[in-house]
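The values are calculated or read from the model by the stated rules, or taken from the named source; none is laboratory data. Everything numeric here is computed off the predicted structure, so don't read it as measured data. Ideal geometry is used to build each Cβ from the backbone, glycine not excepted, and the neighbour counts take in all protein chains shown. Protein only, heavy atoms only, side chains kept; ligands, DNA and RNA dropped before computing areas. Shrake-Rupley method; radii C 1.70, N 1.55, O 1.52, S 1.80 Å.
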Amino acid sequence: MNKPEIIKLPKIADVRGNLSFFETTKHIPFEIKRSYWIYDVPGGETRGGHAYKENCEFVVALSGSFDVVLDNGNGGKETFSLNRSYYGLYIPRLYWRQMCNFSTNALALVVASTEYDENDYLRNYDDFCSYAKDTKI
Ligand code: TYD
C-alpha cells in the first residue's frame, strides 16, 4: 500500500461501553515495531513537519480530534480529519506530515513499522522533495 488510507476498525458496540482494536497485518498493512502517543497539545500547536524514508505509521484519534496533512512532495496534498476512535489513518513512507487543529484533550495513538531512528527522518522539506523524486516507491 503506497497511498494514505483511512482504515475502518472493528467496533464492538456494547451498552457497557464500546471496544475497538487492530491487529498487526490483519487490519493495518505492516508489523508494529513501536507505539507512541501525543497528548496535552496546547491549542494552536502543530506536530510533525517531517517525513520518513522507511517508516510507515498508523494514527488513531483515541480521544478528541485533529487533522493530519499529508504531502507527497510532488504537488499532492491531502488533509485527513480524525475524530473517531474506530478509524485510523495509514501513512506510507515518504509523506511529509503535519498534525494540527488538535482539540482539547486530543490523544493521538501512533503505531510505527520501525524502531525510532533519527537517521530515518527527512526534516527539511526541500530535501524531502528531492529524496521522494529520486526514490522508487
Ligand atoms: P518527533 O518525531 O520529531 O515529533 P513530532 O513529529 O510529533 O513533532 O519527535 C520528537 C522527539 O521525541 C524527538 O527528539 C525524538 C523523540 N522520539 C523518540 O525518542 N522516540 C520516538 O518513537 C518518537 C516518535 C520520538
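Express the accessible area of the chain per residue in Å², computed with a 1.4 Å probe while the remaining protein chains stay in the model. Show your work: numbers first, answer last.
Details: 8150 Å² over 137 residues.
That works out to 59 Å² for each residue.
Computed per residue of the chain from DSSP H runs no shorter than four, each worth -39500 (n - 2.57), the mean residue ellipticity at 222 nm is -2000 deg cm²/dmol. Taking the 1.4 Å solvent-accessible surface of the chain as the whole, the part contributed by carbon and sulfur is 44%. Amide H contacts of residue 56: 113, 114, each under 5 Å away and 5 or more positions distant or on a separate chain (H built 1.01 Å from N in the peptide plane; Pro and chain starts excluded).
Computed from Cα positions, the angle between helix 125-134 and the longest principal axis of the chain comes to roughly 80 degrees. If the chain linking residue 34 and residue 120 were pulled fully straight, counting 0.36 nm for each residue of separation and taking away their Cα-Cα distance, it would gain 29.5 nm.
Sorting 121-134, 56-69 by average packing, meaning the other beta carbons within 10 Å per residue, from highest down gives 56-69, 121-134.
Here's how it looks for residue 95: its modeled amide H is under 5 Å from those of 52, which are all 5 or more places away or on a different chain. Summary value for region 5-134: 34 percent relative contact order, contacts being C-alpha pairs under 8 angstrom separated by 6+ residues.
With all protein chains in place and ligands, DNA and RNA left out, the 1.4 Å accessible area ranks 15, 111 as 15, 111, largest first. Taken over the chain, lysine pairs spaced eight or more positions apart, or on distinct chains, with alpha carbons under 29 Å apart number 26.
Both numbers refer to the Cα atoms of the chain; Rg and Dmax are 15.0, 52 Å.
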